[in-house]
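Presented below is the structure to which this report refers.
The values are calculated or read from the model by the stated rules, or taken from the named source; none is laboratory data. Quick caveat, the model's predicted, so the values are computed rather than measured. Counting neighbours? That spans all protein chains shown, and the Cβs are built from the backbone with ideal geometry, glycine included.
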């Protein structure tokens, strides 16, 4: 994995993926999965209309990495096809930029191919390479088994179980919070290198 931050625009390269700012050329692919009720089932957003998808992309296109308290949504592009297969988000804490929250959404046709894990690992590698960076969290719906398994498989620790803490889509939902510290990430990398 390698990355660049040019003019505060974050670009991550993995073996198969390019993680970059969203652009209007992504609209068709973005809308296709963001308008799918199965994709939005566990998300904090509901199905997008084409206009909502376009507005969202326009809002995100020029966002820069590093603004405290602001979510920045990035495109996940398949390098071999040049097509958008999902998106991911990073939000640095509003009070302490050594902390971040992340999230990932993958189009249904591209799930179970390891793209979410590849994306997650690249984001972690980038964030933990920042000077003084300390901790990453992700909060997931307690029923979102695939996301829970992904986080556990990459070494995240479950820290909290919030019971009916959020009202969305007409009902109360429960969530888990997962976290990873830089020290834990470095230990995981060391173990992997030693095996």
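Here are the numbers:
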read-out: Tally, over segment 114-125, of residues that are touching a residue at least 40 places away in the same chain (Cβ under 8 Å) and either crowded, with 21+ Cβ neighbours inside 10 Å or at positive phi (or both); value: 4
read-out: Condition check for residue 64: in contact (Cβ under 8 Å) with a residue 24 or more places away in the chain and under 23 Å from residue 128 (Cβ atoms); value: yes
read-out: Given (1) surrounded by 15 or more Cβ atoms within 10 Å (Cβ to Cβ); (2) in contact (Cβ under 8 Å) with a residue 40 or more places away in the chain, number of the condition residue 92 does not satisfy; value: (2)
read-out: Test result for residue 30, at pLDDT 95 or above, within 16 Å of residue 104 (Cβ to Cβ) and not in a strand (DSSP E or B); value: yes
read-out: Within segment 65-80, considering residues that are under 11 Å from residue 17 (Cβ atoms) and assigned to a loop (DSSP other than H, G, I, E, B), the one nearest to the chain's Cα centre (by Cα); value: 79
read-out: Lone unmet requirement of (1) out of contact with any helix residue (DSSP H, G or I) (no Cβ under 6 Å at 6 or more places or on another chain); (2) within 17 Å of residue 34 (Cα to Cα) for residue 75; value: (1)
